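K.L.:
Okay, handing you the structure first.
Values quoted throughout were computed directly from the atomic coordinates according to the rules given, and no laboratory measurement underlies them. The shown structure was predicted, so the numbers you read here are calculated from the model rather than taken from an experiment. Backbone-built Cβ (ideal geometry, glycine too); neighbour counts: all protein chains shown.
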Amino acid sequence: PLPLALPTRPEIWTPSNLQLHAAIVPQGSFTWAEATRGGIHLPSNQSTIDAIVRVAEQVQAIRDRLGRPLHIVRWYSPTQVEGRAGNIVYEQHSIGHAIAFYSEG
């Protein structure tokens with residue numbers, strides 16, 4: 001059988017049209033699967049989606065400037081976790097405002 005065609009990318013992301021395989025920003029490197037731990041943590045409101053898109057734009061610029069991949073450790077996670085760095089960073093993950101990543105080299 002022929003594979004099913006993937007849905008077209010919407011102009012604006014909303015809680016009802018997220019596509020895990022799709023790049024968050026046009027021609028970007030980061031997908032909704034990366035931002036949501038493979039769809040485990042899907043954002044339920046528009047402000048969180050907008051925050052994830054803004055962070056994706058900024059991190060894409062970093063990736064483009066470095067010229068190498070960035071490996072996502074943590075992005076959006078609605079649960080807050082106590083950490084050594086202090087709760088404030090983890091609270092930012094819970095609203096889509098923060099990302100933890102590393103790059104080889």
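K.L.:
Report the Stokes-Einstein translational diffusion coefficient (µm² s⁻¹, integer) for the stretch 1-48, Rh taken as the Kirkwood radius over Cα pairs, at 20 °C with viscosity 1.002 mPa s.
P.N.:
184 µm²/s
K.L.:
Compute the Rg to Rh ratio over the chain from the alpha carbon atoms, using the Kirkwood formula for Rh, and round to two decimal places.
P.N.:
0.99
K.L.:
Something else now. Given H placed 1.01 Å from N in the peptide plane, which residues other than close sequence neighbours of Ala98 have an amide H under 5 Å from its amide H?
P.N.:
His93
K.L.:
By how many nm would the segment from Arg65 to Ser29 lengthen if fully extended, with 0.36 nm per residue of separation less the alpha-carbon distance?
P.N.:
Full extension from Arg65 to Ser29 adds 11.7 nm.
K.L.:
Let me ask you something else. Hey, what did the stretch 9-85 get for relative contact order, percent, Cα under 8 Å, at least 6 apart?
P.N.:
Relative contact order, the stretch 9-85: 29 percent.
K.L.:
Same structure, new question: Between Phe101 and Arg37, what is the spin-label point distance in nm, taking each point 7 Å from the Cα along the Cα→C-beta axis?
P.N.:
It is 1.9 nm.
K.L.:
Between Ile99, Ala51, Leu18, whose Cα lies farthest towards the positive end of the dipole of the chain when Lys and Arg beta carbons carry +1 and Asp and Glu beta carbons carry -1, centred on the Cα centre?
P.N.:
The listed residue farthest towards the positive side: Ile99.
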